[in-house]
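Chemist: Dropping the structure in here first, questions after.
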Ligand code: AMP
């Protein structure tokens, strides 16, 4: 059983690296952002409820996010553990995740934090905007998402740091280099 949170600012490469980490650990990668985007693309009820937040770069309200995560974590594929990509992002979500895991007699094994300097982040986000046409990758929304990360998600990292759960990983440079660093971090977890 390995339960890991992968976090870092928008543009740090969470999605790509969460998949590498999850594969290495033999568990699913669960991305709240991917689940929300899929809901929007498929026109589900969840998608309709979250679209405005995604488009403007706001966080989806905790209640809705927590409810979705609770349901996702009850699926059969989570029995050996999972990598959470992009959750928790607020202190409220940290508490809910702790409670959810405690209900099942589990606890978080670590929080891998992808660290990337702000200039490189903005460059990457603008490149992704050009390549993927994500609705939340415009310059104004990017700026807002970075601000929200600082205001609401850095306290999450602080909370995990005081619990000695943080494993920092240098997320700068090319994807294969970061993959190697993530794999080294995985060895500390399993
Ligand atoms: P991401 O793909 O992780 O960058 O997430 C894309 C968007 O989905 C975010 O900008 C938020 O609007 C929403 N989102 C994803 N995860 C969360 C979360 N844990 N709490 C609130 N909103 C979230």
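Chemist: Using beta carbons and a limit of 7 Å, which pairs, at least six apart or on different chains, have the first residue in region 18-29 and over 18 Å from residue 176 (Cα atoms) and the second one surrounded by 22 or more Cβ atoms within 10 Å (Cβ to Cβ)?
Modeler: 27/82; 27/83; 28/22; 28/82; 29/18; 29/22; 29/83; 29/85
Chemist: Restricting to region 76-89, count the residues that are near the ligand (Cβ under 9 Å from one of its atoms) and assigned to a loop (DSSP other than H, G, I, E, B).
Modeler: Residues meeting the conditions: 4.
Chemist: Could you please find all residues in region 114-150 being closer than 12 Å to residue 57 by Cβ and modelled with pLDDT of 85 or more?
Modeler: Hits for region 114-150 are 125, 140, 141, 142, 143, 144, 145, 146, 147, 148, 149.
Chemist: Take residue 6 and decide whether it is in a strand (DSSP E or B), near the ligand (Cβ under 9 Å from one of its atoms) and in contact (Cβ under 8 Å) with a residue 60 or more places away in the chain. Walk me through it before giving the result.
Modeler: Working: in a strand (DSSP E or B): yes; near the ligand (Cβ under 9 Å from one of its atoms): no; in contact (Cβ under 8 Å) with a residue 60 or more places away in the chain: yes.
Criteria not met by residue 6.
Chemist: Looking at residue 113 and the list (1) crowded, with 20+ Cβ neighbours inside 10 Å; (2) within 12 Å of the ligand (Cβ to nearest atom), which single condition is not satisfied?
Modeler: So residue 113 meets the others, but not (2).
Chemist: Conditions: (1) more than 8 Å from the ligand (Cβ to nearest atom); (2) over 18 Å from residue 22 (Cβ atoms); (3) in contact (Cβ under 8 Å) with a residue 24 or more places away in the chain. Residue 63 meets all but one. Number of the miss?
Modeler: Failing condition for residue 63: (3).
Chemist: Sort out for me the helices (runs of 4 or more DSSP H) sitting completely within region 90-190 that have 3 or more residues that are within 17 Å of residue 25 (Cα to Cα).
Modeler: 175-187
Chemist: Can you name the residue in region 26-53 that is more than 13 Å from the chain's Cα centre (by Cα) and surrounded by 21 or more Cβ atoms within 10 Å (Cβ to Cβ) and, of all such residues, is nearest to the ligand (Cβ to nearest atom)?
Modeler: It comes out as 50.
Chemist: Now for a separate question. Evaluate region 50-58: report whether one residue or more is touching a strand residue (DSSP E or B) at 6+ places or on another chain (Cβ under 9 Å), in contact (Cβ under 8 Å) with a residue 40 or more places away in the chain and at negative phi. Don't jump to the end; show me each part of the working.
Modeler: Residues of region 50-58 that are touching a strand residue (DSSP E or B) at 6+ places or on another chain (Cβ under 9 Å), as a first pass: none.
So far as region 50-58 goes, no, none of its residues is touching a strand residue (DSSP E or B) at 6+ places or on another chain (Cβ under 9 Å), in contact (Cβ under 8 Å) with a residue 40 or more places away in the chain and at negative phi.
Chemist: I'm told residue 69 meets every condition in (1) within 14 Å of the ligand (Cβ to nearest atom); (2) surrounded by fewer than 13 Cβ atoms within 10 Å (Cβ to Cβ) except one. Can you identify the failing condition by its number?
Modeler: (2)
Chemist: Kindly indicate which of 168, 155 is within 12 Å of residue 112 (Cα to Cα), under 17 Å from the mean Cα position of the chain (by Cα) and modelled with pLDDT of 95 or more. Steps first, answer last, please.
Modeler: On the way: 155 fails: within 12 Å of residue 112 (Cα to Cα).
When all the criteria are applied, what remains is 168.
The values are calculated or read from the model by the stated rules, or taken from the named source; none is laboratory data. Note that the coordinates shown come from a computational prediction; the quantities given were computed from them, not determined experimentally. In this analysis, Cβ positions are derived from the backbone assuming ideal geometry, glycine residues included, and neighbour counts consider all displayed protein chains.
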